[in-house]
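Input: a single structure, listed below in structure tokens.
What follows draws every value from the coordinates through simple rules; no lab data is involved. Owing to the predicted nature of the structure, the values given are computational and were not obtained by experimental measurement. So basically every Cβ, Gly included, is an ideal-geometry build from the backbone, and we count neighbours across all protein chains shown.
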């Protein structure tokens, strides 16, 4: 849910991953979930596209209504410019979370993003968007937003 929310810039979906009083430490940003959402709304549009791949998840240290979770991820950020070479900014990260169960919901109470590595590369020639199927969008018109209303093209 977090990856879809942040990549599609659906900030209410991102917010729904956290308790209202949650704390988020993304390294260069540290603050409340509301402050994180405000920062992300300003920061995320600078990227042409992002994709957060979640990998191994370990949930342990479960103690009643709290649990520790560690999620490995690779976060891709593409930035394109009309007048100069673009860049891919790729991070190997771990989301280290304390989840708490409140009102029958397990949500993030405290998140720390630990960066393991970072790679910045020029956007390779020919890797920009072209006529290849359906491209993802970040404006509320992504395929995830309309697929349930789409008609089956195989039906007449």
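Just a few scattered comments:
- Cα-based equivalent ellipsoid, the chain: semi-axes from gyration tensor eigenvalues, Å: 30, 22, 15
- Entry note, the chain: the mean residue ellipticity at 222 nm calculated from DSSP H runs of n ≥ 4, each adding -39500 (n - 2.57), is -4000 deg cm²/dmol after division by the residues and rounding to the nearest 500.
- Inter-site label distance for residue 1 and residue 58 at 7 Å from Cα along Cβ, in nm: 2.5
- Mean Cα-pair separation over length for the range 2-124, i.e. relative contact order, pairs under 8 Å, 6 or more apart, %: 23
- Chain lengthening between residue 29 and residue 148 when straightened (0.36 nm per residue, less Cα-Cα): 39.2 nm
- Sorting the segments 56-63, 110-117 by their mean number of nearby beta carbons within 10 angstrom, highest to lowest, gives 110-117, 56-63.
- Between helix 33-43 and the chain: long-axis angle, C-alpha atoms, 0 to 90°, nearest 10: 20
- Peptides 138-146, 33-41 ranked from most to least packed, by the mean per-residue count of other Cβ atoms within 10 Å: 33-41, 138-146.
- Fully extended contour minus Cα-Cα distance, from residue 70 to residue 115, at 0.36 nm per residue: 14.9 nm
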